[in-house]
Amino acid sequence: QVQLVESGGGLVQPGGSLRLSCAASGSSLRIYNMYWYRQAPGKQRELVARTTTGGTAFYTDSMKGRCTISRDNAKNTVYLQMNSLKSEDAAVYYCAAGRNSSPNYWGQGTQVTVSS
């Protein structure tokens, strides 16, 4: 079993950047596909980005070209670099891990607020 803790959220102005981190414990992230989801108030949780154990990345259309998911296996940490942030990117961002086609383990989330 793996425990996930997100950090790096906060308040950023439109057009700004944030890097979210997801630190894992209890197991190596090498064996997991890793995900970043987000949920805005009144909306369903949506997948933002995913990286497989082999390093293949997927991004939701609204974030393509504006974010990068990466992992540092030595630090057992996954990152989400987000650039050119918009007000509609404001949400709680969740890190998740899974061995198969969907996540099984979730972090507690970190709040991203985009406002001037």
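Values in this text are rule-based calculations from the coordinates and carry no lab data. Model, not experiment: these values are computed from the prediction. In this analysis, Cβ positions are derived from the backbone assuming ideal geometry, glycine residues included, and neighbour counts consider all displayed protein chains.
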Only one of these is free of Cβ contacts under 8 Å to residues at least 12 places away in the same chain and among the hydroxyl-bearing types (S, T, Y): Y79, Y32, Y59, Y94. Name it.
Y59
Give segment 82-116 a look and list any residue that's out of contact with any Asp or Glu (no Cβ under 9 Å at 6 or more places or on another chain), assigned to a strand (DSSP E or B) and of a type in the set (S, T, Y), or say none.
Y105, T113
Of the residues in segment 62-72, those that are small (G, A, S) and without any contact (Cβ under 8 Å) to a residue 12 or more places away in the chain come to G65
(1) more than 10 Å from the chain's Cα centre (by Cα); (2) of a type outside the set (A, V, I, L, M, F, W, C); (3) surrounded by 14 or more Cβ atoms within 10 Å (Cβ to Cβ): which one isn't true of T56, the others all being true?
(3)
Taking segment 35-56 and keeping residues touching a residue at least 40 places away in the same chain (Cβ under 8 Å), within 16 Å of N100 (Cα to Cα) and not hydrophobic (A, V, I, L, M, F, W, C) leaves Y35
Condition first: more than 17 Å from T51 (Cα to Cα), of a type outside the set (A, V, I, L, M, F, W, C) and surrounded by 17 or more Cβ atoms within 10 Å (Cβ to Cβ). Now tell me which residues in segment 77-116 satisfy that.
D89, G109, T110
Residue satisfying all of: in segment 60-76; surrounded by fewer than 19 Cβ atoms within 10 Å (Cβ to Cβ) and in a strand (DSSP E or B); farthest from the chain's Cα centre (by Cα) among these:
D72
